[in-house]
Amino acid sequence: MAVFSNVCDLIRDRDLGGFAIAVWLVLLSFVSALIYLIERGKGTGERQMQTVQRMQDYETQRIRSVAGVSSADEISKATALYESGVITAEEYGR
């Protein structure tokens with residue numbers, strides 16, 4: 001599991017070039033996995049958190065695009081309709 005996690009982290013790391021990734025993959029064994037975790041362990045968590053944050057941001061944008069108009073926009077539209085006399089006070093209240 002640690003080796004798989006490390007390989008995934010290597011692929012996500014944008015600071016490493018292709019050659020460095022290839023070298024890490026060749027040297028990656030159970031012993032080197034321990035060395036890798038000691039050497040790069042802090043960055044692993046940070047990159048994972050960045051990935052989670054990007055996924056959350058994407059989902060937030062997707063939900064907003066599907067949801068359409070915000071509540072504030074709906075209220076301002078209803079107020080404009082009420083003030084222009086298109087809807088009644090009862091309709092405005094709903």
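One residue stands out among those in region 4-24 that are surrounded by 14 or more Cβ atoms within 10 Å (Cβ to Cβ) and among the hydrophobic types (A, V, I, L, M, F, W, C): the one that is farthest from T51 (Cα to Cα), which is W24.
A Cβ distance below 7 Å, combined with a sequence gap of six or more or placement on separate chains, defines the contacts here; from region 40-56, residues that are without any contact (Cβ under 8 Å) to a residue 60 or more places away in the chain reach residues that are surrounded by 10 or more Cβ atoms within 10 Å (Cβ to Cβ) and not in a helix (DSSP H, G or I) in the pairs R47/D13.
Applying the selection to region 1-40, what residues are in a helix (DSSP H, G or I) and not hydrophobic (A, V, I, L, M, F, W, C)? If you could, list the steps in order and put the result at the bottom.
Going through region 1-40, the residues in a helix (DSSP H, G or I) turn out to be 2-12, 18-27, 30-40.
Of everything in region 1-40, those that are in a helix (DSSP H, G or I) and not hydrophobic (A, V, I, L, M, F, W, C) turn out to be S5, N6, D9, R12, G18, S32, Y36, E39, R40.
In region 11-63, which residues are farther than 21 Å from M1 by Cβ and over 14 Å from the mean Cα position of the chain (by Cα)? Listed by number, the residues that qualify are R14, D15, L16, G17, G18, F19, A20, A22, V23.
In region 66-94, the qualifying residues are those that are at pLDDT below 80 and β-branched (V, I, T), and the one that is surrounded by the fewest Cβ atoms within 10 Å (Cβ to Cβ) is V66. Would you confirm whether any residue within region 25-37 is polar (S, T, N, Q), surrounded by 12 or more Cβ atoms within 10 Å (Cβ to Cβ) and on the phi < 0 side of the Ramachandran plot? Looking for residues that are polar (S, T, N, Q), surrounded by 12 or more Cβ atoms within 10 Å (Cβ to Cβ) and on the phi < 0 side of the Ramachandran plot, one finds at least one in region 25-37, hence yes. Of all residues in region 64-90, those satisfying the criterion of being in a loop (DSSP other than H, G, I, E, B), within 24 Å of the chain's Cα centre (by Cα) and of a type outside the set (A, V, I, L, M) are G68, S70.
The values are calculated or read from the model by the stated rules, or taken from the named source; none is laboratory data. Predicted, not measured: the structure shown is a model, and the values here were computed from it. In this analysis, Cβ positions are derived from the backbone assuming ideal geometry, glycine residues included, and neighbour counts consider all displayed protein chains.
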